[in-house]
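The values are calculated or read from the model by the stated rules, or taken from the named source; none is laboratory data. Just so it is clear, the model here is predicted, and its values are computed rather than measured. For neighbour counting, all protein chains shown are included, and Cβ atoms are generated from backbone atoms with ideal geometry for every residue, glycine included. Accessible surface areas use protein heavy atoms only, side chains included; no ligands, DNA or RNA. Shrake-Rupley method; radii C 1.70, N 1.55, O 1.52, S 1.80 Å.
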Amino acid sequence: MRNQTKQYINGEWVESASGQTIKVINPATEEVLGEVANGNEEDVNKAVEAAHNVYLEFRNSSVEDRKALLDKIVKEYENRKDDLIEAMTDELGSPLQKSEDVHYEAGLKHFKAAREALDTFEFEEQREDNLIVKEAIGVAGLVTPWNFPTNQTSLKLAAAFAAGCPVVLKPSEETPYAAIILAEIFDKVGVPKGVFNLVNGDGEGVGNPLSEHPKVRMMSFTGSGPTGSKIMEKASKDFKKFSLELGGKSPLIVLDDADIEFASKAAVSKVVNNTGQVCTAGTRTLIPESLKDEFLEAVKREMENVKVGDPREEGIEVGPIISKKQFDQVQDYIKKGIDEGATLFYGGEGKPEGLETGYFVKPTVFTDVDNKMTIAQEEIFGPVMSVITYKDLDHAIEIANDTKYGLAGYVLGENRDNLRHVARSIEAGMVEINEAGRAADLPFGGYKQSGLGREWGDYGIEEFLEIKSISGYFK
Ligand code: NAD
């Protein structure tokens, strides 16, 4: 059993004030994996005090010291590779190879990117006799979701440490073990006492008091819109800064000169990666009317190659959905798609054959989807593709932007002018042309209801800084 019922506060593992625990479930087996603390306000107060006590010292630490700290973290993170992979396969149900290639690597790349950003980051600027200083904002509260247990935590932690901000992290109660290993890594490399604090628990018991605490100067959140809105409301009472990474319903636009095999591969991978539990998933697949049949045949061939099953089995690409609640949500959306008149082309309701235990779902494709339908407007957070046809480029752009979200967009084709025109026209924080990937030093974040602020690399560091001008500094 993976039991860790203590909190990590002020450089040591201490009993949780609540004395209560949360059972963590392995989504592939539905068995209890272990227990973690279900913290409360008292734990939060202790953690915030510990962070507050060192915030000036950490803010004033040299950039060289913070680079050295990040270097040590990178090394120890690499030493704990196997443990991180095991933990994420257990808690998230991510196939072992994906836990390594996607999740483990994602955390690592953020620590490296923040370290590299410090080589050129300008914390100070002279203007005539005056100085402009960017300095750490103070104690930061970090609240993260379950879908990328190392990515979401590491990108915030790396940026905060690079900026010189002490933190209190509340990871998702559904995937707390990767964060516990991160705490062990920081402990081992000697992150100064109070700079990193981990309070496990749920949103009510830990997330709320953290968002309201007067000594927390910034809240950095990734997760659902409704929770983001609650955090924003609480944080706005004393004008805390906040950064929010929320949901998405991103378009993947196949242009009429795209290679169909390439496009179908991209479209399928965009919806099945991480069992569809990805905020940037390209779940609205826009194709020219004339290519519909050819494209669907190619998608079917791709889908037939997608292996769903036990995340510990070799060759499996898609594991279970995180929980019963999320499984039910995905089933409800599939049902809604059928009820609202979309054509079920592949997959559908229920579990894949032979996978009765575990929260496994069938990768699913709907066609004849109208962009007004629920499945085209709401974030399903499961491997469900909605294929929507368009008449011309203007029509494609209109459909792409007809959403409350604006996180990501994808465009596939040959003509550079058209690719660039569409990329510039999509109202989203991140657009990828022809599967170019997303480098760790590019800003990550969304327009509209997909969030506020930008993370990753130097943009992520900026989020944790305040700006001060000192007139007459050089007189
Ligand atoms: P959630 O927003 O409820 O939880 C995310 C984090 O916020 C967790 O750590 C949770 O404990 C915490 N939290 C919950 N209530 C809080 C509160 N009042 N104050 C402070 N913290 C609080 O998300 P979820 O339940 O994990 O997932 C629900 C839906 O959110 C999913 O179906 C999906 O659509 C969306 N989601 C989006 C992302 C993303 O990256 N954009 C990630 C995960 C989930």
Over segment 166-186, the set of residues away from the ligand (no atom under 14 Å from the Cβ) and in contact with a Gly (Cβ under 7 Å, 6 or more places away or on another chain) is P166
Checking the condition more than 26 Å from F58 (Cα to Cα), surrounded by fewer than 23 Cβ atoms within 10 Å (Cβ to Cβ) and assigned by the TED database to the domain that holds L69, which residue from E173, E184 passes?
E173
Is segment 219-228 home to any residue that is open to solvent by less than 10 Å² (accessible area, probe 1.4 Å), within 13 Å of the ligand (Cβ to nearest atom), touching a residue at least 40 places away in the same chain (Cβ under 8 Å) and out of contact with any Leu (no Cβ under 9 Å at 6 or more places or on another chain)?
no
If you go through segment 248-256 one residue at a time, do you hit one that is in contact with a Cys (Cβ under 6 Å, 6 or more places away or on another chain) and touching a residue at least 12 places away in the same chain (Cβ under 8 Å)?
yes
Residue by residue through segment 199-218, note down the ones that are within 28 Å of E105 (Cβ to Cβ) and more than 12 Å from the ligand (Cβ to nearest atom).
M218
What residue, among those in segment 246-272 that are touching a Lys or Arg at 6+ places or on another chain (Cβ under 8 Å) and within 16 Å of the ligand (Cβ to nearest atom), is farthest from I231 (Cα to Cα)?
S250
Set E64, E42: member being more than 21 Å from V189 (Cα to Cα), without any contact (Cβ under 8 Å) to a residue 60 or more places away in the chain, exposed (fewer than 15 other Cβ atoms within 10 Å of the Cβ) and not basic (K, R):
E42
Out of all the residues in segment 133-164, which are outside any loop (DSSP other than H, G, I, E, B) and away from the ligand (no atom under 16 Å from the Cβ)?
V133, K134, E135, A136, A158, A159, A160, F161, A162, A163
In segment 344-357, is there at least one residue being of a type in the set (F, W, Y) and in a loop (DSSP other than H, G, I, E, B)?
no
Within segment 118-136, can one find any residue that is of a type in the set (V, I, T), assigned by the TED database to the domain that holds L465 and open to solvent by less than 10 Å² (accessible area, probe 1.4 Å)?
no
